[in-house]
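Structure record follows, encoded as structure tokens.
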Amino acid sequence: VGPTSGNGPDTTGALEIISAKVQGVSPGFNIRDARGDRYVVKFDPKGFLHMSSAAGVISNRLLHAAGYHVPEDFIFVFSKSKLAVAEGATIRGEDFEDRPLTLDVAFDVLAMTDTLPDGRYLAVTSKFVPGPPKGPFFFDGVREDDPNDWYHHEHRRELRGLYVVSSWINHVDMRWMNTMDAYVPPGYLKHYLIDFAASLGSGTTRPHEPREGTEYNVDLWPSLGRVFTLGFYRVGWEGREWDVIDPTIGWLEAEEFDPAGWKPNWPNRAFQLATDRDGYWGAKLVGSFTDEQIRAAVRAGRLPTARAADTLAKILMVRRDRVVDHWYRKVSPLENFSVVPRSATGTEDAMQSVIVEFEDLGRRMGLWMADEVEYRWRLEHEALRRDWRGRGAAGAGDGKQRIVLGAGDRDPGIRPSNVSPTGADAIAKLEIEVEQLTRGERQPAMTVWLEWDASSRQYRIVGLEH
């Protein structure tokens, strides 16, 4: 179902054309159906029926499931006879003059695409989002007309982390032109991502090519290299042999996909400032998709053959796994911490040790096995003069891991019964890093913040930082 609340335009009556667009990247028109709902209608390029429409709907479903606001997009099939022109509808020509809109204009648009075997037309339709539109939002700065917008967009994690999600679905046109803000009573803006035709293997009017996803449309250093070497300077994608996977899919990398080197067609300030932490945040979104959820999203694209749908789903699974493998190794991907209560450990002494449990997402995703990693840790609590360090072996299975934090032979610090720190003094810092034994590498440490609870006489988790 995804973001949709219905089945698309109502075809029981006429589809009234409100306006039309015959120039530009993707010709189409706006319609009003029998219910009075309005939709944007766009078509696949000749020779590539299903390609951009399927890509648009599939990416729409994946972005919605990842937590982003998107419009209601549908694959839409209709007969030419259903079209009518709304009263007073006009079209703006290249001279910027408005002229009466006629059915001939709509037929000119239809001539730019192919028909289905039964003579009907297939398109992707996007329902107008509710609320008065307020224009696009940008990936840097703030909206001057929105008093609620006070945090610069280039520093928002949901936009920085969108780099990873965009790289997964190869949305090379993720920029301000494909965003929309709409007013929602009683007084705030809802931020939408729109128009996903240039994603997956589709370049909207043609299949993607190897340059896209690797280099900006205008990329300074590669361009200068070509100029000053008279064309002898070449980057990896140049000269690469490639072919369209399927006319309904276009072209999309799988095993060769490089999550760290991916670029959209245009520079995006939020993407440029993304850190490893932002990358890990986005990779957790991508890694949360199961194989069946990916297949369900692909089914929404209504590709014409099971073979094409299976091929595209498998490519998305490979790209998902490569995203996870790259970004999970940039941090120590440990989550869902808890302190094991003393009553569960059979000891009443919180002086000598603290037991913590957590999930190792790298283990859960199959990036490493139990015998391939250890957990190095350091617990610091200044008020209790604790500076405990050690290492713990990974347990069997990919479920909850448990390590014992203890003073060992070192000075254990002040016994909690002798002092009861409060406020900032009650906060302890636990740093844990994953050590790759087989690689001889340590991944950057993550931090767990613990607070000493005087009433229960034990620590509790109050924060995580990767």
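Restricting the calculation to Cα positions, tell me the Rg (one decimal) and the Dmax (whole number) of the chain in Å.
Just the Cα atoms of the chain yield Rg and Dmax of 27.3, 88 Å.
D453 to W266: FRET efficiency via 1/(1 + (r/R0)^6), r the Cβ-Cβ distance, R0 56 Å, to the nearest 0.05? Can you show the working numbers first?
Numbers: r = 51 Å, r/R0 = 0.91.
The formula returns an efficiency of 0.65 here.
Using only alpha carbon positions, build the gyration tensor of the stretch 417-466, then give the equivalent ellipsoid semi-axes as the square roots of 5 times its eigenvalues, largest first, whole angstrom. Don't skip to the end; give the middle numbers.
Working: eigenvalues 182, 22, 13 Å².
After scaling each eigenvalue by five and taking roots: 30, 10, 8 Å.
Would you mind computing, in nm to one decimal, how far apart the modelled labels at A86 and E256 are, each placed 7 Å from Cα along Cα→Cβ?
My value for the distance between the label points is 4.5 nm.
Please compute the length gained on full extension between N336 and R442, using 0.36 nm multiplied by the number of residues separating them and subtracting their Cα-Cα distance. Mind showing how you got there, number by number?
Values: separation 106, 0.36 × 106 = 38.16 nm, distance 2.08 nm.
Stretched fully, the N336-R442 segment lengthens by 36.1 nm.
Given the DSSP H assignment, sum -39500 (n - 2.57) over each helix run of at least 4 residues in the chain and divide by its residue total; what's the result at 222 nm in deg cm²/dmol, nearest 500?
On the way: 11 runs with 101 residues, N = 466.
Using -39500 (n - 2.57) per qualifying helix, the result is -6000 deg cm²/dmol.
What would the Debye equation give as log₁₀ I(q)/I(0) for the stretch 94-195 at q = 0.20 Å⁻¹, counting only Cα atoms as equal point scatterers?
-1.09
For the stretch 31-182, take the convex hull of the Cα atoms, compute a quarter of its surface area, and give me that in nm², please.
Values: hull surface 46.5 nm².
Average projection, Cα convex hull of the stretch 31-182: 11.6 nm².
Past the 23 Å Cα-Cα mark, which pairs from K284/K330; K21/K80; K80/K134; K42/K127; K21/K190?
Numbers: K284/K330 12 Å; K21/K80 17 Å; K80/K134 33 Å; K42/K127 12 Å; K21/K190 27 Å.
Table pairs above 23 Å Cα-Cα are K80/K134; K21/K190.
Using r as the Cβ-Cβ distance of H152 and T11, and R0 as 30 Å, what FRET efficiency do you calculate, to the nearest 0.05?
Values: r = 45 Å, r/R0 = 1.50.
Once rounded, the FRET efficiency stands at 0.10.
Compute the label zone of E241 within the stretch 309-328: residues whose backbone N is under 16 Å from the point 7 Å along Cα-to-Cβ.
Under 16 Å, as judged by backbone N against the label point of E241, lies no residue of the stretch 309-328.
Can you tell me the orientation of helix 291-300 relative to the chain, as the angle in degrees between its alpha-carbon axis and the longest Cα principal axis, to the nearest 10?
Taking the Cα atoms of the chain, the angle to 291-300 is about 20 degrees.
Sort the stretch 296-340 into rounded, prolate or oblate with this rule: let a ≥ b ≥ c be the square roots of the eigenvalues of the Cα gyration tensor; rounded if a/c is under 1.5, and if a/c is not under 1.5, prolate when a/b is larger than b/c, oblate otherwise.
Numbers: a/c = 5.48, a/b = 2.46, b/c = 2.23.
Note, shape of the stretch 296-340 comes out prolate.
Which one of P132, L193, L116 has its Cα pushed farthest toward the positive end of the charge dipole of the stretch 86-196, where Lys and Arg give +1 and Asp and Glu give -1 at the Cβ?
L193
Please give, to one decimal in nm, the separation of the simple spin-label points placed at A396 and R295, each 7 Å out from Cα toward the Cβ.
3.1
Need one number: nm distance between label points at D145 and S420, each 7 Å from Cα along Cα→Cβ, rounded to one decimal.
With each label point 7 Å from Cα toward Cβ, the separation is 5.7 nm.
Under 5 Å between amide hydrogens, which residues at least 5 positions from L15 or on another chain qualify, with H placed 1.01 Å from N in the peptide plane?
L83, A84
Taken together, the values in this text are just the output of simple stated rules run on the coordinates, not laboratory data. Here the structure is a predicted model, which means the values were calculated and not measured. Please note: Cβ atoms are built from the backbone with ideal geometry, for glycine as well, and neighbour counts cover all protein chains shown.
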